Amino acid sequence: MVDPGPVNDDVWVVIPVFNEAQVLEQVVRQTLVVFPNVVCVDDGSRDGSVEAVLRTRAHLVRHPVNLGQGAALQTGLTYARAQPGARYFVMFDADGQHRLEDASTMVQVARSGAADVVLGTRFAENAESVPLLKRIVLRTAVLLSPAGRKLKLTDAHNGLRVLTRPVADDLQITMNGMAHASEIVSYLGRSSWRVREVPVSIRYTEYSRSKGQSLLNGVNILFDLSVRQRGG
Amino acid sequence: MLIQIILVVAVVAVLFLFVRSSGAVYVQASKRIALVLFAIANIYAVMRPDDLTAVARVLGVGRGTDLVLYALVVAFMAGMFSFYQRFRVVDRRYTELARTVAIREAELVNRERGIVPEPVVSTGDGGALPTVER
């Protein structure tokens with residue numbers, strides 16, 4: 001089990017959920033040990049995901065219809081922001097691919113005041129754990145993004161992120177689908193927030209692999225981003 | 001050929017407008033003016049096909065109907081992009097609506113489950129959610 005460390009009652013973990021019943025309850029229970037405040041945003045799951053959350057002490061927000069992962073993250077942030085005492089916001093995947101130790105480390109970095117935004121990166125230390133094709137595509141994605149280059153990011157599409165309060169108040173994710181990761185990076189590139197990357201490792205289990213997005217989806221993401229509605 | 005240059009420029013212009021446009025008033029207005037002009041040009045083309053063919057010759061297209069076809073392709077692209085943008089705006093509103101509903105319901109549900117210690121006063125999302133009076 002994970003060492004509880006400091007009392008993280010000013011931390012809110014946002015977990016977007018879409019048909020994750022198989023692993024969700026375990027992930028949420030383990031998360032609750034380290035971070036007492038967890039909000040799961042169910043994005044219209046049709047399996048037992050909702051019941052899994054209800055069996056735990058995690059907060060549950062349910063989208064009435066399926067909107068996409070980006071929308072679920074934004075809903076979770078909006079909900080968590082309204083809770084008293086919330087100062088740090090952790091984005092965490094429901095499929096169990098992130099490690100709580102990494103999340104704790106990242107929260108500590110944010111707490112130390114060294115950064116306003118802490119992003120996880122798969123490429124700092126143990127890049128070999130990432131499948132080769134995925135590695136190439138993710139690397140290219142970073143190099144293609146002007147904001148990613150500006151921030152000297154090594155991994156723009158890691159789902160593990162920690163935001164401090166002012167950033168969470170300012171950020172508005174409008175990309176409902178999977179393009180939100182690039183949207184967040186380009187937002188950070190335009191802003192003056194101090195961004196730090198912290199090495200994390202990803203558990204590429206059989207389950208998380210099967211849930212992971214297809215690389216072809218990158219085409220959709222690029223299209224969505226290039227035609228983003230500006231303003232109105 | 002002249003027509004090739006014109007077509008390529010038109011398609012690029014449509015793409016550029018599509019990516020750049022900010023929903024500003026002048027964009028809206030120019031879209032509508034373009035629509036009216038296109039309609040008038042079509043009526044004229046139907047009434048005087050010989051004139052159209054003359055124009056087509058000048059531009060380096062064989063027949064007037066070919067010219068109409070090319071113009072249609074450009075207009076179709078522009079219309080589709082415009083529609084897509086409109087769809088994105090609607091989608092965004094729909095998301096905000098769903099989010100507001102979800103959060104309101106969640107506050108009730110989580111209080112009933114007993115994991116929210118005290119009534120939470122929602123400060124809302126930039127005015128998207130009104131303050132809950134308790």
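All of the numbers you see were taken from the coordinates with simple rules; none came from a lab. Note that the coordinates shown come from a computational prediction; the quantities given were computed from them, not determined experimentally. Reconstructed Cβ throughout: ideal geometry from the backbone, glycine too, with neighbour counts over all protein chains shown.
The charge dipole of region A:1-95, taken about its Cα centre with unit charges on the Cβ atoms of Lys, Arg (+1), Asp and Glu (-1) only, comes to about 260 debye.
Loop-located trypsin sites (Lys or Arg not before Pro) in region A:1-106 (DSSP state not H, G, I, E or B) with no more than 13 neighbouring Cβ atoms inside 10 Å: A:Arg46, A:Arg55. For B:Asp50, B:Asp66, A:Asp9, the sequence from fewest to most other C-beta atoms within 10 Å is B:Asp50, A:Asp9, B:Asp66. Note on region B:30-113: dipole from Cβ charges, positive end direction compared against B:Met80, B:Val58, B:Tyr70; the farthest Cα belongs to B:Met80. 3J(HN,Hα) along region A:172-184: 10, 7, 9, 7, 5, x, 7, 6, 4, 4, 5, 5, 5 Hz, from the Karplus curve 6.51 cos²θ - 1.76 cosθ + 1.60 with θ = phi - 60°, whole Hz, x for Gly and Pro. For region B:30-113, what ratio Rg/Rh do Cα atoms give with a Kirkwood hydrodynamic radius? Rg/Rh: 1.45.
The local environment of B:Pro49, defined by Cβ-Cβ distances under 14 Å, has a net charge of 0 under the rule Lys, Arg +1 and Asp, Glu -1.
Phi angles across region A:49-60 convert, under the Karplus curve 6.51 cos²θ - 1.76 cosθ + 1.60 with θ = phi - 60°, into 3J(HN,Hα) values of 4, 5, 4, 4, 5, 5, 6, 9, 9, 7, 6, 10 Hz, Gly and Pro given as x. Each residue of region A:72-89 was assigned a 3J(HN,Hα) from its phi angle through the Karplus expression (A = 6.51, B = -1.76, C = 1.60, θ = phi - 60°), giving 5, 4, 5, 4, x, 5, 4, 5, 5, 4, 7, 7, x, x, 6, 10, 10, 10 Hz with x at Gly and Pro.
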